[in-house]
Each structure stands twice: as C-alpha cells, then as structure tokens.
Amino acid sequence: MSAWRSPPPTFPRLILLSSLMGGGCEPAPTQEVPGRVALEFVNAMRRVHGDLEAGKAAYNLMWQPARKNLEERARRASALSGRELHPGELIVPSWFALRLIPESYEERIDGEWAQVTLTDASGQSSNARLVLEEGKWKVALELPALSAIRSRIDDE
C-alpha cells in the first residue's frame with residue numbers, strides 16, 4: 001500500500017492562499033514624499049552634464065512651467081540643429097545651485113505646496129519649493145524666460 005498524497009495546489013488555489021496570507025506586502029504609497037523628490041532632483045542635476053538619462057530624470061521631476069519652458073527650448077534648438085533634442089538636454093546646471101551635497105532634509109507641507117530644506121554634513125542648507133501635480137511632487141524651479149523670436153524685415 002502506498003501513502004496517500006494530496007494533489008499539488010492548482011493556480012487558483014495558490015492565488016487564494018497568497019491573498020489570504022497577505023504576502024507581507026504593504027500597499028504602495030499614493031504619493032512620494034517631497035523631501036525624497038528634492039533629493040532625487042539634486043542627484044539628477046549633479047549628473048546632468050552630458051548624461052541624457054540624468055537630464056530626462058531631472059526634467060521629469062520639474063513642475064509644468066519649467067517643463068514647458070524646456071520643451072520650447074528643445075523645439076527651437078532642434079529646428080536649428082537639424083536633430084531632435086529632448087528637453088532634458090537643454091537643462092543648464094547653473095540654473096540650480098549645486099553648492100551642497102544634501103545628507104538630510106526637513107519638509108513643511110501646506111496643501112499642494114511643500115518647502116524642503118536640504119542640509120549637508122557641515123550644516124549648510126538650501127531650500128526647494130515643490131508642488132503637487134497630478135498626485136506627484138514636482139520641483140518648482142523657476143527658469144529664465146524665453147526671449148521672443150524676432151523676424152527679419154526685408155527692406156525693399
């Protein structure tokens with residue numbers, strides 16, 4: 001006589017079992033923390049020199065007015081260069097002070113706005129403003145205004 005064995009669990013039984021056990025997973029947060037977004041932005045900006053992926057990352061963390069500004073700059077530069085440029089390629093690091101390497105942050109949230117104070121090891125700090133756009137925190141970086149496009153008037 002052979003010992004009786006239970007059949008292997010089928011796929012539906014495994015799903016039910018894992019849903020009952022909970023799997024130890026926490027639900028994903030609905031929004032990121034503004035301080036972490038500010039740190040991520042600073043890290044991307046420190047790598048932006050010639051690194052397209054870092055430029056894209058920094059671009060994606062900016063608020064809509066800055067992204068629109070960079071999109072127009074990329075459109076103009078693409079027309080002049082003859083190749084398609086990503087808006088992240090037009091980021092000028094001097095627009096953002098990179099004088100400190102933050103190690104910690106404090107944040108103050110007031111509705112859809114947040115102020116994050118980034119502090120380095122020596123105690124120097126810098127402030128960043130962030131805004132909540134479509135459920136995600138974005139860095140409210142003020143970029144220089146675009147100059148108007150001038151057209152030449154032919155004298156005839």
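No lab work stands behind these numbers, since they all come straight from the coordinates. Keep in mind that what you see is a predicted model, and the values were worked out from it rather than measured. Counting neighbours? That spans all protein chains shown, and the Cβs are built from the backbone with ideal geometry, glycine included.
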Could you tell me which of the residues S126, S151, S122, S104 is of a type outside the set (K, R) and surrounded by 16 or more Cβ atoms within 10 Å (Cβ to Cβ)?
S126
Could you list, in sequence order, all residues of region 129-148 that are surrounded by 14 or more Cβ atoms within 10 Å (Cβ to Cβ) and among the charged types (D, E, K, R)?
R129, E133, K136, K138
Tally time: how many residues in region 104-146 are β-branched (V, I, T) and more than 11 Å from L39 (Cα to Cα)?
2
Considering region 59-110 alone, what residues qualify as being closer than 24 Å to S126 by Cα, of a type in the set (G, A, S) and in contact (Cβ under 8 Å) with a residue 12 or more places away in the chain?
A66, G88, A97, S104
Please determine, by comparing only the residues of region 27-83 that are within 12 Å of the chain's Cα centre (by Cα) and of a type in the set (D, E, K, R), which one is nearest to L146 (Cα to Cα).
R67
Reported set for region 96-129 where residues are outside any strand (DSSP E or B) and among the aliphatic types (A, V, I, L, M) is A97, L98, L100, I101, A121
